[in-house]
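Contents: one structure, followed by commentary.
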Amino acid sequence: MSHPSYQVNTEHFWMPFTANRQFKAKPRLLVAAKGMHYTSDDGRQILDGTAGLWCVNAGHGHPKIVEAVARQAAEMDYAPGFQMSHPKVFEAASALVDIAPKGMNRVFFVNDGSEGVDTALKIALAYHRVRGDALRYRLVGRERAYHGVGFGGIAVGGIAGSRKHFGPSLAGVDHIRHPLDIARNAFTRGMPQQGAELADELEQRLLAMHDPATIAAVIVEPIQGSTGVIIPPQGYLQKLRATCDKYGILLIFDEVITGFGRLGSAFGAHYFGVVPDMIVCAKGLTNAAVPMGAVICKQEIYDTFMDKAPENAIEFQHGYTYSGHPLASAAAVATLQVYKDEQLFERAAGIAPYFEDAAHSLKGLPFVKDVRNLGLVCGVELDGIAGKPGARAYEVFLKCFEEKGVLTRTTGDILALSPPLIIEKSHVDQLFGALKEVLSSL
Ligand SMILES: Cc1ncc(COP(=O)(O)O)c(C=O)c1O
């Protein structure tokens, strides 16, 4: 039941990644947010178990971020980013480099994760061409990967539903398998011990088939988030890095979800001890207060573009009207400072074991087929209802929201949790307590 002051006409807005008809028959509206909570249109406090969409890492409405954005809006709303610029965007780039792996120190700003992925893929293709190695035109992704919704992203992505409408546009890419193996690794705490050999597929199957000299880049999410929290087996990412090194292939980490403390470190690259050639990030970069994404590159990539282009020429023909938008830059600078001042990455690492224990306490409840977790991310996979994929998890999501005041997220029959890093033990108890009660009631 909507609060009368929030009655809205839902007819005109075509909602993204939403069952529009189902939603509009019974809308769920959020109207305010602070810290760990949303307020729903009927005045309930909703515990945010998903940091919005894996993005509000510092909690909602952080006063320093709010203030920085408001100040910037009043001071200068917009400045052109082509052949002109403004101070805040340079400050944002330096602050981002400060927390990036060593040697990754050149930043291209975009507006979101999808643009970040497409930008990184373009940089990879152009980089090889600029070096005089134009044969490298192929891109490799993984099955069940989610890399946003740009044409590049869906091409290297591995979600059949996203790919099938756009098939003819997706030439020159191939995929290795994803490393989820419930039969061997169900209910693993942290990284699975088994499955590193799945990374050998890159060399043994794809490179053998295509000729390594044609591959420009391999892109992976360190943890595959959106398709159900798939955690890399121990040693798996190291193997991918070694194969890419052996054949001169660029390795891109899509850290749109794993960046900014989600695993208790600045990036997944730090957590897993594997440094890629490019990192795509977005979401937590600005705490989602203003849209922004970035591609962080090794200096060598940037230098190649600078060294090879004629003097005074634009070295890379790419950019968006809103690349490095002043409001986004101000939000990024403030957000990165908040992470540092409040030691939120360390905080996430500190509470992760408690979160892990709570997540695994769901083992044994009806329909729970697997629980997997790392840092402040957890996936709970359920046995689905025959002929109705996703329906079981959706029912849990609805009951959690409507009856328990807890926001979760579903993908297929998997529940995904990724709370803000400011989460307290009492919130963890509430989140998993709600899930326990709802699962037990099914
Ligand atoms: C790994 C990954 N890459 C890219 C994206 C796309 O980001 P955006 O929705 O900001 O375009 C997402 C979104 O969830 C993501 O999880």
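Scattering from the C-alpha atoms of the chain alone, worked out with Debye: what is log10 I(q)/I(0) at q = 0.08, 0.12, 0.13 1/Å? Ignoring solvent entirely, the Cα scatterers give -0.45, -1.05, -1.23. With the cut-off at 27 Å, tell me which of the pairs LYS239/LYS308; LYS298/LYS425; LYS340/LYS436; LYS399/LYS425 have Cα atoms farther apart than that. Checking Cα-Cα distances, LYS239/LYS308; LYS298/LYS425; LYS340/LYS436 exceed 27 Å.
Based on DSSP H segments of at least four residues, each scored -39500 (n - 2.57), the chain has a per-residue ellipticity at 222 nm of -11000 deg cm²/dmol.
So how do LEU398, LEU207, LEU417 line up by other beta-carbon neighbours within 10 Å, fewest first?
With the sparsest Cβ surroundings first, the list reads LEU398, LEU207, LEU417.
Quote the charge dipole size of the chain about the Cα centre in Debye, to the nearest 20; the model charges only the Cβ of Lys and Arg (+1) and of Asp and Glu (-1).
Dipole about the Cα centre, nearest 20: 700 debye.
When the chain is treated as a GNM with alpha-carbon contacts under 10 Å, the residue of ILE252, ILE385, ILE301 showing the greatest mean-square fluctuation is ILE385. Annotation: aspartates and glutamates with alpha-carbon distance below 14 angstrom to LYS363 (same-chain offsets under eight excluded): GLU381, ASP383, GLU437.
Dimensions of the stretch 211-352 along the principal axes, based on C-alpha atoms and rounded to the nearest Å, stand at 48, 40, 25, largest first. Coordinate range of the alpha-carbon atoms in the stretch 48-130 per principal axis, descending: 45, 36, 25 Å.
When DSSP assigns beta bridges and you keep just the ones with both residues in the chain, what percent turn out antiparallel, to the nearest 5? The antiparallel fraction comes to roughly 65 percent. Please name which of PHE305, VAL220, PRO192 has its Cα lying farthest along the dipole of the stretch 66-341 towards the positive end, using unit charges on Cβ (Lys, Arg +1; Asp, Glu -1) and the Cα centre as origin. Working it through, the farthest residue towards the positive pole turns out to be PRO192.
Remark: ILE314, ILE423 ranked as ILE314, ILE423, counting other beta-carbon atoms within 10 Å and listing the fewest first. Measuring gaps between exposed loop sites in the chain (GluC sites (Glu not before Pro); DSSP loop; at most 10 other Cβ atoms within 10 Å), the longest gap, sites not included, is 12-310.
What is the order of SER440, SER323, SER418, SER361, fewest Cβ neighbours within 10 Å to most?
SER440, SER361, SER323, SER418
Farthest towards the positive end of the charge dipole of the chain, among the residues LEU170, GLY264, TYR394, is the Cα of TYR394, using unit charges on the Cβ of Lys, Arg, Asp and Glu.
Filter the cross-link list LYS34/LYS369; LYS102/LYS283; LYS26/LYS164; LYS34/LYS122 down to pairs whose alpha-carbon distance in this structure exceeds 32 Å. From LYS34/LYS369; LYS102/LYS283; LYS26/LYS164; LYS34/LYS122, over 32 Å: LYS34/LYS369; LYS34/LYS122. Seen from every direction in turn and averaged, the convex hull around the alpha carbons of the stretch 372-442 projects onto 4.6 nm². Along the axis of the charge dipole computed for the stretch 66-341 (Cβ charges of +1 for Lys and Arg, -1 for Asp and Glu, origin at the Cα centre), the listed residues THR335, VAL97, VAL229 are led at the positive end by VAL229.
Each reported figure results from applying straightforward, stated rules to the coordinates on display, with no laboratory input. Note that the structure is predicted; figures quoted are calculated from it, not measured. Virtual Cβ from ideal backbone geometry, glycine too; neighbours counted across all protein chains shown.
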